Amino acid sequence: MKLTMTGDTRRNDHYPDKPNEDLFWFDEAMGAALVLDGVTRDRENGVYPDPSPARTASERFAAAVRDALASSEEEKPAARLLWAVEAGNQAVARANAGLSPDFLPGTVGVLALIADGALHYAYVGDSNGVLLSGGRAHAFTEPQTRAVHDHRGQYTAHEIRAHICNNAAHPCGYGVWTGQSGAMDFLRTGAIPLGPGDRVLLCTDGLNDFLAAAGERALCAMDSGTILEKAMAFRKPEGWMDDRTAVIVDVGA
């Protein structure tokens, strides 16, 4: 099974001083691809921290995942994914050592590993994984902060960050790879068979509006280059976009 991978990212154009906290990585030979969305912290003295703690979390996570996949002796793809994600979360924990647990820097995203004729995936958070196959777009991820948004105004920002984040016992709980063990309670995994002509799209939630506007039929009809071009150029009706990142995997014979 031949794989061709492409990716792109853009910094938000809403806040001039806010760095791009998204990140992507892929390795065609390894059959692995990753998109990450750093979870933004508050401004400090009126400006975003530089370097961005969330960007650092994404970089540490990605590097640990890459190294773990390359060195893992696990043969089963699902076990390799779990090993890699745990290594990534532990790398973020080391980066966050000594910081207050009230709002730790972290990251969310989707990791894909294509092996044995299937897409194996693991994710935490609201990033998107979509299989484009046979003219249909099948989302294999679900946003994990939906309950928090549905109860907007019911909880303070402190409660959401300190008591709901990475708390599986809370009805609105959601996950962020902050290095806390509770993040792994929100890990979702699965596997989907792949065939020639299939395309896998991984993207951060900064492209939610693009996906909704494009529609299933048009999205499936685009080639990978066109999807990336249109995704990066897209603007919401308000005229701006958040950080946005995508990786596309084309499956050949």
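Just so you know, all these numbers are worked out from the coordinates, no wet-lab data involved. Just so it is clear, the structure is predicted and the values come from calculations on it, not from any experiment. Quick reminder, even Gly has a Cβ in these numbers, built from the backbone with ideal geometry, and neighbours come from all protein chains shown.
Values computed for the structure shown
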{"item": "GluC sites (Glu not before Pro) within segment 53-104, DSSP loop, no more than 15 other Cβ atoms inside 10 Å", "result": "GLU73, GLU74, GLU75"}
{"item": "Ellipticity estimate at 222 nm from DSSP helix runs (n ≥ 4, -39,500 (n - 2.57)) divided over the chain, nearest 500", "result": "-8000 deg cm²/dmol"}
{"item": "Size descriptor, Kirkwood hydrodynamic radius, that averages inverse alpha-carbon separations across segment 3-251, Å", "result": "18.3 Å"}
{"item": "Geometric extent, Cα atoms of segment 158-213 - Rg, Dmax (angstrom)", "result": "15.7, 47"}
{"item": "Relative packing of 99-105, 64-70, which averages over residues the other C-beta atoms within 10 Å, highest first", "result": "64-70, 99-105"}
{"item": "Scaled radius of gyration (Cα, divided by 2.2 N^0.38 Å) that segment 139-253 gives", "result": "1.28"}
{"item": "Share antiparallel - DSSP beta bridges, the chain, percent rounded to 5", "result": "100 percent"}
{"item": "Dipole in debye (nearest 20) - segment 3-251, about Cα centre, beta carbon charges: Lys, Arg +1; Asp, Glu -1", "result": "300 debye"}
{"item": "Size of charge dipole - segment 109-253 - debye, nearest 20, with Cβ of Lys, Arg +1 and Asp, Glu -1, no other charges", "result": "140 debye"}
{"item": "Mean Kyte hydropathy of 0.0 or more with a Cα span along the axis of at least 15 Å, helices from DSSP in the chain", "result": "77-95"}
{"item": "Two-decimal Rg/Rh across segment 40-159, once Rg and the Kirkwood Rh are taken from alpha-carbon atoms", "result": "1.03"}
{"item": "Cβ-Cβ FRET estimate between MET30 and LYS230, R0 fixed at 45 Å, reported to 0.05", "result": "0.95"}
{"item": "Stretch gain in nm, segment ALA78-ALA97, where the contour uses 0.36 nm per residue and the Cα spacing is subtracted", "result": "4.0 nm"}
{"item": "For segment 31-101, Kirkwood radius (reciprocal of mean inverse C-alpha pair distance, Å)", "result": "13.3 Å"}
{"item": "Mean Cβ count within 10 Å, highest first, over the residues of peptides 111-118, 204-211", "result": "204-211, 111-118"}
{"item": "Count of Lys pairs (Cα-Cα under 30 Å; at least 8 positions apart or interchain) in the chain", "result": "4"}
{"item": "Efficiency of FRET between ALA221 and ALA118 - r from beta-carbon atoms, R0 41 angstrom, step 0.05", "result": "0.95"}
{"item": "Note, ³J(HN,Hα) from phi for segment 22-34, Karplus 6.51, -1.76, 1.60, rounded to Hz, x at Gly and Pro", "result": "7, 7, 9, 8, 8, 9, 4, 5, 7, x, 10, 8, 8"}
{"item": "Residue with peak Gaussian network fluctuation, the chain [Cα springs, cutoff 10 Å], from GLN144, GLN154, GLN90", "result": "GLN154"}
{"item": "Top of MET232, MET184, MET222 by mean-square fluctuation, Gaussian network on the chain, Cα under 10 Å", "result": "MET222"}
